[in-house]
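Reading through the structure tokens given below for one structure.
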Amino acid sequence: MAKPTSWQQEQISLAYLSAVATRAGATSATWNVDKDGVDVTLKRNHILVEFQMKCTFSPNLLGDGETYTFDLDIQTYDALREHERSAAGYLGLVVVSKDLDDWLTHDEETLLMHCSGYYARIQNLPPVLGQETKRIHLPKTQRIDRAGMDDIFAYAHKRLFGSAGGEGAQ
């Protein structure tokens with residue numbers, strides 16, 4: 001069993017988001033420094049959203065069996081929730097196996113990623129005082145997939161223009 005390192009976890013989370021975003025018609029740009037709590041900016045039809053990506057092979061699951069949790073540091077939480085951000089802030093969590101060798105299946109024609117991703121909108125959440133971390137809930141229904149991307153960009157459009165409809169949300 002090959003044990004993953006933190007840089008490998010970071011890279012698979014970025015690759016996962018990039019692959020899904022590409023399929024959903026969005027482009028992605030990564031930042032070499034996440035000074036503002038942002039690893040990746042996604043753009044679709046002139047609408048931007050920003051993600052802080054995390055990866056785990058030992059996710060915390062609530063008793064309902066349907067919601068992951070992640071303890072996000074307050075500095076990143078505050079950066080992503082900031083009301084005056086130009087792009088809506090999200091936390092992305094990619095769940096992988098403990099065995100690095102299980103992450104990908106690759107042959108002459110196919111590359112399969114064996115992981116799943118979930119998102120939580122941090123934008124406009126309330127401030128937290130006196131804590132070092134904020135527990136974020138990531139329901140299994142909020143998957144980073146094509147439908148999830150549609151919801152994420154619809155929120156970003158509505159936040160900017162007051163409605164979720166129109167071609168700008170697609």
Filter result (among the hydrophobic types (A, V, I, L, M, F, W, C) and touching a Ser or Thr at 6+ places or on another chain (Cβ under 8 Å)) within the range 1-41: Leu14, Leu17, Ala21, Ala29, Trp31, Val40
Looking at Arg121 and the list (1) buried (at least 20 other Cβ atoms within 10 Å of the Cβ); (2) of a type outside the set (A, V, I, L, M, F, W, C); (3) closer than 22 Å to Ser6 by Cα, which single condition is not satisfied? (3)
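Every residue, every condition in (1) under 16 Å from the mean Cα position of the chain (by Cα); (2) aromatic (Phe, Trp, Tyr), yes or no:
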site	(1), (2)
Gly63	no, no
Glu66	no, no
Tyr90	yes, yes
Asp102	no, no
Thr105	no, no
Pro126	no, no
Lys140	yes, no
Phe153	yes, yes
His157	no, no
Mind listing just one residue for me: the one in the range 124-164 that is more than 22 Å from Ala21 (Cα to Cα) and among the basic types (Lys, Arg) and, of those, surrounded by the fewest Cβ atoms within 10 Å (Cβ to Cβ)? Arg135
Pairs, first touching a residue at least 40 places away in the same chain (Cβ under 8 Å) in the range 65-81, second charged (D, E, K, R) and not in a strand (DSSP E or B), C-beta under 7 Å, six or more apart: Glu66/Lys140; Thr67/Lys140; Asp73/Glu132; Ile74/Glu132; Ala79/Asp36
Can you name the condition, by its number, that Ile47 falls short on among (1) of a type outside the set (Gly, Ala, Ser); (2) at pLDDT 95 or above; (3) in contact with a strand residue (DSSP E or B) (Cβ under 8 Å, 6 or more places away or on another chain)? (3)
Output the residues belonging to the range 56-105 that are within 15 Å of Pro4 (Cβ to Cβ) and touching a Gly at 6+ places or on another chain (Cβ under 6 Å). Val94
Here are some conditions: (1) under 29 Å from His157 (Cβ atoms); (2) modelled with pLDDT under 95; (3) of a type in the set (Phe, Trp, Tyr). Phe57 meets all but one. Which one does it not meet? (1)
What are the residues in the range 1-30 that are surrounded by 15 or more Cβ atoms within 10 Å (Cβ to Cβ) and either of a type in the set (A, V, I, L, M, F, W, C) or within 10 Å of Leu42 (Cβ to Cβ) (or both), if any? Ile12, Leu14, Ala15, Leu17, Ser18, Ala19, Val20, Ala21, Ala24, Ala26, Ser28
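The values are calculated or read from the model by the stated rules, or taken from the named source; none is laboratory data. Treat the numbers as computed from the prediction; the structure is a model and nothing was measured. Using ideal geometry, Cβ is built from the backbone for each residue, glycine included, and neighbour counts are taken over all protein chains shown.
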